[in-house]
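Asker: Dropping a structure here in structure tokens format, bear with me for questions.
The values are calculated or read from the model by the stated rules, or taken from the named source; none is laboratory data. Keep in mind that what you see is a predicted model, and the values were worked out from it rather than measured. Here Cβ is always computed from backbone atoms with ideal geometry, including for glycine, and neighbour counts include all displayed protein chains.
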Amino acid sequence: MNPIALAHRLRHSERLAPVRRHLPLAATVAGVASTRREPRRGLVLLTLGGLGFVRTWRRSRELGRAATAEHIARMRRLRRDVVQRFYTTCIGSMEAELEEYPEYDRRKHELRYRLVSELATAHVPAGGVVVDVGCASGLVLDAVHRARHSRGVGFDLAPYGVRQRAHRPDPPVLAQAVVEHIPLPDGVADVVVFSEVIEHLLDAYAGLREVSRITRGGGVVILTTNNGSEMPVISPLRDPLTWFERLAGRWRPRWLAFRNLTWHDPIDRRVDPLPPDAPTYVPHIHFCFAELRDLAADAGFRLLSSSSFEFPAPQSPLADRLRRLTSRAPRLGNATADLLEGLVSVTPGLSLMGAHHLLVLRKVAPPRPRPSTPWWPAHLHDGLPTDGFRPRASSPASRR
Ligand SMILES: C[S@@+](CC[C@H](N)C(=O)[O-])C[C@H]1O[C@@H](n2cnc3c(N)ncnc32)[C@H](O)[C@@H]1O
């Protein structure tokens, strides 16, 4: 076939799309293979491959920036009363939610509960006090109590899990309260569990400051939350530069084109006063490590250790394949998922790119009233300026 006609066919054919997407990879591999025998040809192929990768990356960044702009617009529409109404009327019990998940996702949640419970158990003295902030129905408290006879207290804004749990005679004690105003005295907790909650707060620092207030000096906080540097959904064979960008974003948040700030679906229409074409999305901020580290330091914590877990990203095609495999052949699917989780968690670089952070913090000082660098998503709601705000220019993250 005529090479020009072939090039056009390659460019326009849907069937050849997978070939087209992997041309930069093919050129790079061919370039590496030829460098010894034909260095000039090798160099040309490597250059073409590199340019192809840069082109894909630029496209990913464009899409990422557009998605971030949409998330920022959603943050600006947020109203505290609407978010609170959503949590107090629309959230069911965690157990019921887990029941509905496919086996693959349920096991990933169980992994988190296991990791958090084991760490809380390791840090609480026998008979000590564990407070679970945003506890849902208190599953972590149950596990720690079984292991250490700890005294467990949990709070959640959503009343459903709390009420359901209150019917049981055994510990823990659960109550309805907001993280921003925890009804407990200063320094009462040996261990605070703060798992998958900070990303939902309108002001993350206000929550962290309260967590610090109730933690005794030398006490420990186990914090998990979504990771802004989680593995991208696009394959590293197609877009390795986006993978590097995500990893670098761990320490340099401003380098990230895409920032996930809100939940992917709008809240229930019945509790949303906003028009259907611009509805409310609750906050679901994927934090970068540097942001959490700095907020925690301002709240009076020293970082004892950090890691990440849940590989691959739950919305990735690979996770979908594992989900399907697990539903068809549970033992094989579970074994494959566990093997992958284990392998990635010991692979340098990749091990930092799990879907969730896991931080262990020790209380070493009283919290500052405000974070030392104003933290930009906190400024995207509740009547703050709606004009001229540019996260890249005015973000403290961008100064790090
Ligand atoms: C993803 S769930 C995590 C629940 C629990 N920590 C766990 O690990 O299963 C987030 C929880 O945070 C609660 N939450 C959200 N905003 C809150 C706030 N301002 N104060 C207290 N709880 C809050 C929600 O009601 C929900 O139960």
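Asker: For region 1-39, give me the residue count where each residue is within 25 Å of LEU241 (Cα to Cα) and charged (D, E, K, R).
Answerer: Number of matching residues: 4.
Asker: Would you confirm, using the coordinates I've provided, whether VAL130 is in contact with a Lys or Arg (Cβ under 6 Å, 6 or more places away or on another chain) and in contact (Cβ under 8 Å) with a residue 12 or more places away in the chain? Steps first, answer last, please.
Answerer: Details: in contact with a Lys or Arg (Cβ under 6 Å, 6 or more places away or on another chain): no; in contact (Cβ under 8 Å) with a residue 12 or more places away in the chain: yes.
It is false that VAL130 is in contact with a Lys or Arg (Cβ under 6 Å, 6 or more places away or on another chain) and in contact (Cβ under 8 Å) with a residue 12 or more places away in the chain.
Asker: Okay, moving on. Suppose we filter region 70-89 for residues that are assigned to a helix (DSSP H, G or I) and more than 13 Å from the ligand (Cβ to nearest atom); how many remain?
Answerer: Total meeting the criteria: 8.
Asker: Taking the residues in region 245-259 that are touching a Gly at 6+ places or on another chain (Cβ under 9 Å) and free of Cβ contacts under 8 Å to residues at least 60 places away in the same chain as candidates, determine which candidate is surrounded by the most Cβ atoms within 10 Å (Cβ to Cβ).
Answerer: Of everything passing the filter in region 245-259, GLY249 is surrounded by the most Cβ atoms within 10 Å (Cβ to Cβ).
Asker: Before we move on, is GLY31 more than 27 Å from ARG259 (Cβ to Cβ), part of a helix (DSSP H, G or I), modelled with pLDDT of 90 or more and not assigned by TED's automatic domain parsing to the domain that holds SER235?
Answerer: Numbers: more than 27 Å from ARG259 (Cβ to Cβ): yes; part of a helix (DSSP H, G or I): yes; modelled with pLDDT of 90 or more: yes; not assigned by TED's automatic domain parsing to the domain that holds SER235: yes.
Considered against the rule, which asks whether it is more than 27 Å from ARG259 (Cβ to Cβ), part of a helix (DSSP H, G or I), modelled with pLDDT of 90 or more and not assigned by TED's automatic domain parsing to the domain that holds SER235, GLY31 comes out as yes.
Asker: OK, next. Picking from VAL282, VAL271, which residue would you name as being under 16 Å from the mean Cα position of the chain (by Cα), among the aliphatic types (A, V, I, L, M) and farther than 19 Å from LEU119 by Cβ? Outline the logic, then answer.
Answerer: Details: VAL271 fails: under 16 Å from the mean Cα position of the chain (by Cα).
Being under 16 Å from the mean Cα position of the chain (by Cα), among the aliphatic types (A, V, I, L, M) and farther than 19 Å from LEU119 by Cβ holds for just one of VAL282, VAL271, which is VAL282.
Asker: Which one of the conditions (1) within 25 Å of ARG74 (Cβ to Cβ); (2) at pLDDT 95 or above; (3) more than 9 Å from the ligand (Cβ to nearest atom) does ALA204 fail to meet, given that it meets all the rest?
Answerer: All conditions pass for ALA204, except number (2).
Asker: In region 182-201, how many are in a loop (DSSP other than H, G, I, E, B), more than 8 Å from the ligand (Cβ to nearest atom) and not acidic (Asp, Glu)?
Answerer: Filtering region 182-201 down to residues in a loop (DSSP other than H, G, I, E, B) leaves 182-188, 196-197, 201.
Among the residues that remain, those that are also more than 8 Å from the ligand (Cβ to nearest atom) are: 182-188.
Okay, now just the ones that are also not acidic (Asp, Glu), so 182-185, 187-188.
Here the count works out to 6.
Asker: Name the residue, out of GLY134, GLY161, GLY154, GLY92, that is in contact with a Leu (Cβ under 6 Å, 6 or more places away or on another chain) and either within 30 Å of ALA335 (Cα to Cα) or within 12 Å of the ligand (Cβ to nearest atom) (or both). Full working, then the answer.
Answerer: On the way: GLY134 fails: in contact with a Leu (Cβ under 6 Å, 6 or more places away or on another chain); GLY161 fails: in contact with a Leu (Cβ under 6 Å, 6 or more places away or on another chain); GLY92 fails: in contact with a Leu (Cβ under 6 Å, 6 or more places away or on another chain).
When all the criteria are applied, what remains is GLY154.
Asker: From the list ALA126, ALA67, ALA143, ALA120, which one is assigned to a helix (DSSP H, G or I), surrounded by fewer than 16 Cβ atoms within 10 Å (Cβ to Cβ) and away from the ligand (no atom under 11 Å from the Cβ)? Reasoning before the result, please.
Answerer: On the way: ALA126 fails: assigned to a helix (DSSP H, G or I); ALA143 fails: surrounded by fewer than 16 Cβ atoms within 10 Å (Cβ to Cβ); ALA120 fails: surrounded by fewer than 16 Cβ atoms within 10 Å (Cβ to Cβ).
Unique residue meeting the criteria: ALA67.
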